[in-house]
Structures are given as C-alpha cells and as structure tokens.
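All remarks here apply to the structure that follows.
The values are calculated or read from the model by the stated rules, or taken from the named source; none is laboratory data. Values in this document were obtained by computation on a predicted structure and should not be read as measured data. Note: ideal-geometry Cβ built from the backbone for every residue, glycine included; neighbour counts use all protein chains shown.
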C-alpha cells in the first residue's frame with residue numbers, strides 16, 4: 001500500500017528499521033519523518049477506502065462532553081451531526097486495519113454516506129476547540145474542588161485563623177506576665193530549629209555529591225514509550241527559537257515524542273513567534289483559555305489533559321536540557337517501579353556574569369547536588385525544582401496534577417506525591433538555565449518562590465495530624481526542616497544578625513552575660529557563621545572546576561545574599577496578604593552562546 005503511494009523501497013526499509021528500534025509502527029515513523037504531509041497521507045487512505053476526506057473538522061459539528069477528551073490522546077473516531085441533522089462519523093484510519101475497514105464498506109456500500117476521513121491533528125483541533133472552556137475550568141479549579149483541604153485556593157482556613165489568633169493571644173498574655181522568660185524561650189526555640197537545620201546541611205555536606213558520579217546508559221534506548229514534553233510559555237517570543245533548538249536535540253525517537261507548547265490566549269507575540277517556526281510533527285501549539293489564575297501550573301494542568309505519553313517532563317522556556325536526559329529517566333523508571341518522579345539537577349549557566357548569578361549558581365549547586373540527593377537517598381519528601389521534573393503520567397493525574405493557585409507549585413507537588421506514597425529520586429543529566437542578573441528581577445522571582453512556600457506550608461498544615469500520618473515521623477520532620485526552616489531562616493535572618501551584633505556590643509561595653517545568655521549567644525553565633533560556611537561549602541564543593549572559576553570572589557558575599565533573601569521573604573508575606581495568586585513573571589533573554597548541557 002505504501003509503495004502504491006509512491007514511497008521508495010529503500011525509504012520503506014529505513015522506516016521499518018526505525019520502527020523496529022523505537023517500538024513505533026511503520027506508519028508512525030512515516031508521519032514523524034516529516035517528508036510526507038499528514039493531509040496528503042490520510043487523503044490517500046481516504047481514496048483507498050472510497051470515503052470523502054476532511055482536511056479540517058468544524059467544531060460546530062461536535063457536541064461537547066467529557067467522553068470526547070479521549071480523542072485528544074488517541075484520535076480515532078468521533079460521531080458528529082451535519083448542519084442538516086444527519087449523522088456523520090469521522091475516522092482516522094490505521095494502515096494496519098485499512099484492508100479490513102475497506103472490506104466492511106464494500107459489504108455495505110451505503111455506509112460510506114455516513115463516514116469521512118480526517119487527520120489526527122484535525123480531529124484533535126476540533127475536539128480541543130469544542131471542549132476548551134470545560135477543560136480550562138477543570139485545569140483551574142479541579143484540584144480545589146476535589147481536594148480543597150490541600151489546595152492553596154484558600155490562603156488561610158477557618159481553623160488556621162482561629163489557631164493563629166489563640167496562639168498570638170497566648171504569647172502576649174505570657175509575655176505580659178513573664179516578659180524576659182518568654183523572650184528567652186522563643187529565642188531558644190528558634191535558635192534550636194536553626195541549629196537542627198544547620199546539622200541537616202552538615203549531614204548533606206558530609207554525604208558528598210553523588211550526582212557527580214554519573215551512570216552510563218546505551219545511547220540507543222531501544223523500544224520506547226511515548227514521552228510527553230510540556231513547556232508553559234508566557235511572553236517568551238524572544239527565546240522560543242532557542243527552546244525549539246534544545247528540544248530538537250533531545251535523544252529520543254521523534255515518533256515517540258509528544259511536545260506541547262502551552263501559550264496563554266492573550267499572548268499573541270509568543271503564539272506568532274511559534275507559528276513562524278517550522279515545527280516538526282511531534283509539536284503542537286496549545287492555546288490555554290484565560291480562565292482562572294494566569295499561572296504556569298494552570299497551563300500545565302491544561303496540557304496534562306491532552307498528554308499522550310506514558311511519561312511526562314516539563315521544561316521552562318529558557319531551559320537547555322541535557323540531550324540524554326529522557327533516556328536516563330526512562331532507564332531509571334524501568335528500574336524503580338515505585339518511583340513516580342525523577343528530578344534533574346538544575347545548573348546555572350551564567351554564573352560568570354556578575355555576583356548575583358554567581359551566588360545563585362552556588363545556591364543551586366548546594367540544593368540540587370547536595371541537599372536534594374541527600375533527601376532522595378533516604379526516602380524523604382523532596383520539594384521539586386520548577387522544571388525538568390519527569391513523571392509517570394498516570395500517577396501525576398491521580399494526585400490531581402499541579403495546584404494552579406500555588407505560585408511555587410513544584411514544592412507543593414513534591415509533598416503531595418510523597419503523601420500519596422510515591423517516591424521521588426534524582427537524575428544526573430542536568431538542565432542548564434540562567435539566573436537573573438538584575439536585582440529587581442531576582443527579588444520578584446524569589447518573593448514569588450517564598451510566597452509559594454508559604455502557601456505550601458499553610459495548605460499542608462491545615463491538618464497536622466493527617467500530615468504526620470501521611471509522611472511518618474522522618475518525613476514530617478524533613479518537611480518542617482526544609483519548608484518551615486527555610487521560611488523562618490529567611491524571615492528571621494536580620495533578627496539573628498541584630499542579636500549577634502547586640503551581644504557582641506554588650507560583651508564589649510557592659511557586664512558579662514549570665515551562663516544562660518552566654519549559651520544563647522554561642523548558639524546564635526554558631527548558627528549564623530556556621531550557616532554561611534556550610535552553605536558555601538555545599539555549593540562550592542559540588543561544583544566542577546570550570547564552574548568554580550566562573551564564580552570568582554562572589555562566595556564571600558553570601559551574607560549580603562542572605563539579607564536579600566530575607567527582603568524577598570518579607571515582600572512575599574505582604575503579597576500573600578494582598579495578592580496571593582499573583583505570578584511575578586521572570587523575563588528571559590535568548591543566549592548568543594547556548595551551552596549544550598555539557599555541565
């Protein structure tokens with residue numbers, strides 16, 4: 001049949017070889033190759049069946065219902081109504097069943113009047129348009145309706161408001177009765193929490209950098225499943241060309257890729273830029289309706305509904321993922337059936353462009369090469385990074401996808417996966433991205449992250465007893481050390497600096513401290529300078545020499561960097577009250593010299 005369509009024998013042999021290696025059908029390899037247009041191919045199949053061909057399916061012919069969403073993931077057949085009310089069944093024929101289907105029409109020739117052939121893309125486009133508002137509602141409000149107890153849709157629950165009021169009243173009453181003792185007790189409580197966090201980082205530092213010991217895998221992955229790639233894009237016209245170049249470089253069969261570029265419907269510039277690029281058959285530009293919060297997690301949820309892959313990864317617009325990242329994830333998924341998610345390490349590629357990106361690179365090195373691998377190896381919950389997360393698609397759907405109202409949706413999703421009994425582990429092939437080089441941009445980005453961590457803490461702490469049951473003692477402790485500790489350390493860092501400075505001034509000018517005050521001073525001093533030192537050593541020690549050289553002397557400005565984080569955290573507190581769901585967009589610029597994931 002393919003030979004009759006004009007395909008040469010050598011090319012058919014090549015397609016058959018590719019299909020054998022990838023696990024796809026010969027037909028899928030043919031359509032992913034790009035040399036035969038989809039409409040030309042299915043037009044020829046329509047002629048073989050003796051049926052009319054529709055190069056597009058008017059959405060007005062379809063009736064919306066949840067059942068038609070299956071045609072987004074496997075477009076095969078849909079029943080319609082013509083304008084005159086007569087029935088019409090639109091099909092996407094498969095080559096392997098072509099002769100069987102033709103025989104059916106030959107036995108009942110009048111059936112041809114009720115059938116037509118179209119392409120998978122045309123059928124998906126019609127279904128997408130028909131149910132777009134319903135699916136946008138599901139993407140925006142599905143988690144809040146199904147699991148309101150863990151959604152950030154409500155900032156503070158009624159119980160949390162009452163508990164906060166009672167706790168504050170209790171503190172004020174006790175402080176009024178025993179002011180000095182209350183201040184000392186609160187001081188000791190926070191100091192001991194910071195000390196435990198310091199010990200956690202010391203343990204991660206001692207454990208080494210396991211991600212520097214990469215495992216080798218065959219370059220050819222063998223028969224593979226379909227892998228979905230989601231990229232949520234908003235105001236990214238300047239960098240979409242760079243993103244497409246990087247995605248084209250992924251080492252994965254084109255016939256087994258399902259790449260969805262998710263654009264907000266008001267973002268005409270990005271949509272226009274994408275449509276000006278010659279995208280391969282594996283790409284689809286999906287326009288997300290402007291319903292609910294205009295956030296990345298809402299767009300990802302909209303794309304998740306259409307995801308065709310058994311596995312799924314998300315990338316940001318500026319990402320440069322390692323070419324073998326999908327292969328590594330696939331090998332690990334096969335070896336670890338209980339693991340639902342693998343996080344790729346994120347590496348800052350512009351660490352040599354100033355002190356701010358250099359310190360950002362140091363922070364990411366400490367987080368993704370030390371702390372997260374340390375937590376993963378011990379089966380503890382991981383706050384995911386915002387990109388390069390690889391999932392089992394069915395598990396991701398089962399836990400409700402992303403929370404559209406949480407502006408640090410990655411950290412929240414990591415906790416929900418662990419609470420549902422799923423493990424998260426680390427990969428070694430990195431994704432390179434760039435840090436902000438301007439202070440204002442950095443502050444806006446970091447305040448959004450802090451606000452999202454606050455939302456995550458509030459959502460999961462609505463029922464502390466249930467959280468304890470879900471996570472267990474070790475997981476519950478890790479949650480508070482990583483999430484609670486990170487927030488408190490950022491908010492209280494200026495106070496710790498002030499306490500240490502005032503203690504030093506007191507010792508120099510006044511009577512010596514009591515043993516109790518001396519102990520608090522020693523703990524504060526160890527927390528402050530120990531945290532600076534361990535933070536620096538964790539990041540510096542995990543970096544290759546090339547990255548260290550780019551940092552220069554920036555590591556000596558860690559105290560200033562921490563004060564900036566505190567500034568961002570207090571800004572986040574104000575935004576949590578005034579604009580809890582506002583997404584501060586980080587602008588990205590195309591790189592003239594794109595590093596190709598060699599880090």
Residue hits (the stretch 457-500; closer than 19 Å to residue 572 by Cα and not in a helix (DSSP H, G or I)) are 461
Output the helices (runs of 4 or more DSSP H) that fall wholly within the stretch 102-200 and possess 2 or more residues being modelled with pLDDT of 95 or more, or say none. 120-130, 132-146
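For residues that are assigned to a helix (DSSP H, G or I) and at pLDDT below 95, tally how many sit in the stretch 376-410. Give the derivation first.
Residues of the stretch 376-410 that are assigned to a helix (DSSP H, G or I), as a first pass: 376-377, 393-398, 409-410.
Now drop any that are not at pLDDT below 95, which leaves 376-377, 409-410.
Matching residues across the stretch 376-410 total 4.
Conditions (1) under 21 Å from residue 449 (Cα atoms); (2) touching a residue at least 40 places away in the same chain (Cβ under 8 Å); (3) within 12 Å of the chain's Cα centre (by Cα), marked per residue:
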| position | (1), (2), (3) |
| --- | --- |
| 373 | yes, yes, no |
| 376 | no, yes, no |
| 379 | no, yes, no |
| 384 | yes, yes, yes |
| 392 | no, yes, no |
| 399 | no, no, no |
| 407 | yes, yes, yes |
| 416 | yes, yes, no |
Failed item in (1) within 21 Å of residue 389 (Cα to Cα); (2) crowded, with 23+ Cβ neighbours inside 10 Å; (3) in contact with a helix residue (DSSP H, G or I) (Cβ under 6 Å, 6 or more places away or on another chain), with residue 426 passing the rest: (2)
What pairs come up if the first residue lies in the stretch 182-193 and is touching a residue at least 24 places away in the same chain (Cβ under 8 Å), the second is outside any helix (DSSP H, G or I) and surrounded by fewer than 14 Cβ atoms within 10 Å (Cβ to Cβ), and their beta carbons are under 8 Å apart, counting only those six or more places apart or on different chains? none
Could you grab me the full set of residues in the stretch 34-45 that are at pLDDT 90 or above and surrounded by fewer than 19 Cβ atoms within 10 Å (Cβ to Cβ)? 37, 38, 39, 40, 41, 43, 44
Quick check on the stretch 81-89. Is at least one of its residues over 20 Å from residue 258 (Cα atoms), touching a residue at least 40 places away in the same chain (Cβ under 8 Å) and outside any helix (DSSP H, G or I)? no
State yes or no: is residue 166 more than 23 Å from residue 296 (Cβ to Cβ) and in contact with a helix residue (DSSP H, G or I) (Cβ under 7 Å, 6 or more places away or on another chain)? no
Sort out which residues of the stretch 161-195 are loosely packed, with under 15 Cβ neighbours inside 10 Å and under 31 Å from the mean Cα position of the chain (by Cα), and write them in order of number. 161
Result of the Cβ filter at 8 Å on the stretch 158-170, keeping first residues that are in contact (Cβ under 8 Å) with a residue 24 or more places away in the chain and partners that are surrounded by 11 or more Cβ atoms within 10 Å (Cβ to Cβ) and in a helix (DSSP H, G or I), at least 6 apart or interchain, is 160/458
Residues in the stretch 513-548 that are touching a residue at least 60 places away in the same chain (Cβ under 8 Å) and under 16 Å from residue 354 (Cα atoms): how many? 1
Please verify whether the stretch 101-109 includes one or more residues that are surrounded by 15 or more Cβ atoms within 10 Å (Cβ to Cβ), in contact with a helix residue (DSSP H, G or I) (Cβ under 6 Å, 6 or more places away or on another chain) and within 22 Å of residue 309 (Cβ to Cβ). no
Residue in the stretch 46-59 that is nearest to the chain's Cα centre (by Cα), counting only those that are surrounded by fewer than 17 Cβ atoms within 10 Å (Cβ to Cβ) and under 22 Å from residue 285 (Cβ atoms): 59
